[in-house]
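First up is the structure itself, then whatever we jot down about it.
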Amino acid sequence: MTQPMDSHRIFLSSIASPGLRKIIFRVRYTFQGTSSPEGTGRWTWIDEELCGLADRLRATGYRHTLEAELRFLRITDGTEEHGLTEVLPKFKEKGLVSVFDVDHGGYVFYSSAHNR
């Protein structure tokens, strides 16, 4: 995806599988300006939907830690300044968030597991 869209919201709100462990987002991302990536605010409702999903799964006896993996296809130098470590702040309290830089060998740019 190039940005979160309503179809992603519908999909996330329909998930009920207790076998789910990870949701992977493949994102083509471009940066505008130096303080925030284009559309960082658009992740707010994805954050809310993931929190709702984690709550729904836990209500059914789910005993795993749900992970959201963001695989960005375009990450530039100085990404910390662009706020990618701030994506999905509410979900980080309920699950794990990992950000991968696919263009540069797929290394883990950020993982909330390191901050627990």
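Within the range 36-49, the set of residues being in contact with a Leu (Cβ under 7 Å, 6 or more places away or on another chain) and at pLDDT below 85 comprises PRO37, TRP43.
Pairing each residue of the range 7-24 that is over 12 Å from GLY52 (Cα atoms) with any residue that is surrounded by 12 or more Cβ atoms within 10 Å (Cβ to Cβ) and of a type outside the set (Phe, Trp, Tyr), provided the two are 6+ apart or on different chains, yields C-beta distances under 6 Å for ARG21/HIS64; LYS22/GLU67; LYS22/GLU69; ILE23/ALA68; ILE24/GLU69. Could you grab me the full set of residues in the range 58-109 that are part of a strand (DSSP E or B) and modelled with pLDDT under 70? If the condition is that a residue be part of a strand (DSSP E or B) and modelled with pLDDT under 70, then TYR107, PHE109 are the ones that fit. With respect to the conditions (1) at pLDDT below 85; (2) at negative phi, GLY33 lacks only one, and its number is (2).
Checked against (1) closer than 16 Å to VAL102 by Cβ; (2) at pLDDT 90 or above, GLY52 meets all criteria but (1).
The values are calculated or read from the model by the stated rules, or taken from the named source; none is laboratory data. This one's a predicted model, so the numbers in the text were calculated from it and none came from an experiment. A quick note on method: Cβ atoms are made from the backbone with ideal geometry, for glycine too, and the neighbour counts reach across all protein chains shown.
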